[in-house]
Amino acid sequence: MRVEKDALGTVNVPDDKYYGAQTQRAVENFKIGREYFPKEFIKAHAIVKKAASIVNLKLGNINKQVSGAIQRAADEIIEGQLDDHFPLVIWQSGSATQFNMNMNEVIANRAIEILGGKLGSKNPVHPNDHVNNSQSTNDTIPVSMHISSYLTIMERLLPEVQALAETFNQKAESFKNIIKIGRTHLQDATPLTLGQEFSGYAAQLEQCKEAIYNTLVHLSEIAIGGTAVGTGLNTKAGYDELMAEEISRITGHSFRVCRNKFAGLAAHDAIVETSGALKMLAAALMKIANDMRWLASGPRSGLGEINLPANEPGSSIMPGKVNPTQPEMITMVACQVFGNDVTIGMAGSMGNLELNVFKPLMAYNILQSITILSDACRSFRKNCISGVEPNLKTINKNLQNSLMLVTALNRHIGYDKAAQIALKAWKEDKSLKEAALESGFLTGEEFD
């Protein structure tokens, strides 16, 4: 152990860790659960620190040597080399001050090491005076919430949603000539093609992708430079615009200073909006997955109109049973996203006065939703939808046996007479044609 100091005194810190006294206090004071800050969020916060070191150098706030060491340390975090030095759970200060200081301490100590100094000495790199220069937890954490959500959506979620939609479109084209019975209220309805049915799933996903993409315009607005309450205390003129430019350069995506930093710190409406769009995707996936379960149910005592890939044995007691495990996975992911959205909505409404103090919770939940939706879409596509095949025998049997084909007679003999034919066929267990001929409403040739 080594001894480090903070405003409250001395703290023993593990020798093999780059974090310092404030992080160690948080480790001891917040032993709650196993919900650690996601790697995507850690990376985003390191991006903010790297950008700040570059801008602070330009503005003359820190020297070139310190800036270079901070940038190098931040790069190592961005590359995932120092993940073991971020031990804090999200259950801490609602501003995430402990996490911000964890980042400041790791970067400072690693920068000190790079420059040949002694860990914990805060010399020549200080976690507050240098790494946190021109910043506050209150403005940098919201920025990292936006960056991590934006990047994960762009780089992971949207490509997976698009790929799944394209797979459904391919199936729709393959199935375009397969006529089957439609169902409304889980009852027989008029015919459609299996291709038309699958085209609906593709359209749902494409609409969800568009809705999620439309939220990025607000996620791209960052409250950097607001510092403690939105006024920009302790920053120099132009710092915020330079930060937005630098973050855009580092990430390769366009970010801009938000229109009102007071709203950016006290409320997180962009996160709430994005979560709503993610919920829309979860709802669509729930519908699609359940349809796959219905259509593949059986295989002999259900609908059985499609066959899903047999990925693994389905039962520990029933030999040969195969279950729709991928659709079931999707439905559980959807439920989790629904719950995350409720949490994010409640947390977003708690922005009291100049600061929302539910930031870690919102960051964790939004990133979990994005991540599991991304992974679920990929798994669903590769392990289920790409291998869906029609069961033509069952499809044709159900089609020919359906009473609702009688709907085609409406324009010829009227609704009431057509209904009499359908009810007669159902009650007397006869075919529609038999019932139609016995009714005397039309000839066999007319029926055909």
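For Arg2, the residues 5 or more places off, or on other chains, whose built amide H falls under 5 Å of its own are Val13, Asp15.
From the coordinates of this entry, mean projected area of the Cα convex hull in nm² is computed, and it appears in (1) 28.0; (2) 36.0; (3) 25.3 under the label (1). The local environment of Glu428, defined by Cβ-Cβ distances under 9 Å, has a net charge of 0 under the rule Lys, Arg +1 and Asp, Glu -1. In a DSSP loop and with at most 12 other Cβ atoms within 10 Å, there are no GluC sites (Glu not before Pro) in the range 108-175. Positive-end ranking of Ile366, Val55, Asn340 along the dipole of the chain, with charges on Cβ about the Cα centre, is headed by Val55.
Each residue of the range 8-18 was assigned a 3J(HN,Hα) from its phi angle through the Karplus expression (A = 6.51, B = -1.76, C = 1.60, θ = phi - 60°), giving 9, x, 9, 9, 7, 10, x, 4, 8, 10, 7 Hz with x at Gly and Pro.
For Asn391, the residues 5 or more places off, or on other chains, whose built amide H falls under 5 Å of its own are Ile306, Asn307.
What does the charge count around Ile178 come to, taking other residues whose C-beta lies under 14 Å from its C-beta (Lys +1, Arg +1, Asp -1, Glu -1)? Once positives and negatives cancel, what remains is +1. Computed on the chain, with alpha-carbon pairs under 8 angstrom and 6+ residues apart, the relative contact order is 16 percent. Among the chymotrypsin sites (Phe, Trp or Tyr not before Pro) in the range 9-57, those located in a DSSP loop and surrounded by at most 16 other Cβ atoms within 10 Å of their own Cβ are Phe30. Among the trypsin sites (Lys or Arg not before Pro) in the range 225-259, those located in a DSSP loop and surrounded by at most 13 other Cβ atoms within 10 Å of their own Cβ are Arg259.
Debye-formula intensities of the range 2-133, expressed as log10 I(q)/I(0) at q = 0.20 Å⁻¹, are -1.15 (one equal scatterer per alpha-carbon, no solvent). Normalised by the residues of the range 306-415, what does the relative contact order come to in percent, with Cα pairs under 8 Å and at least six apart? Relative contact order for the range 306-415 comes out at 34 percent.
Near the amide H of Thr231, within less than 5 Å, lie no amide hydrogens of residues on another chain or at least 5 residues away, with H placed in the peptide plane. Each other residue within a Cβ distance under 11 Å of Thr325 adds +1 if Lys or Arg and -1 if Asp or Glu, for a net charge of -1. One way to sum up the overall shape of the range 276-429 is the equivalent ellipsoid from its Cα gyration tensor, whose semi-axes run 43, 24, 12 Å, largest first.
Readers should treat all values here as calculations from the given coordinates under stated rules, not as data from a laboratory. Predicted, not measured: the structure shown is a model, and the values here were computed from it. Heads up, the Cβs are rebuilt from the backbone with ideal geometry, glycines too, and the neighbour counts pull from every protein chain shown.
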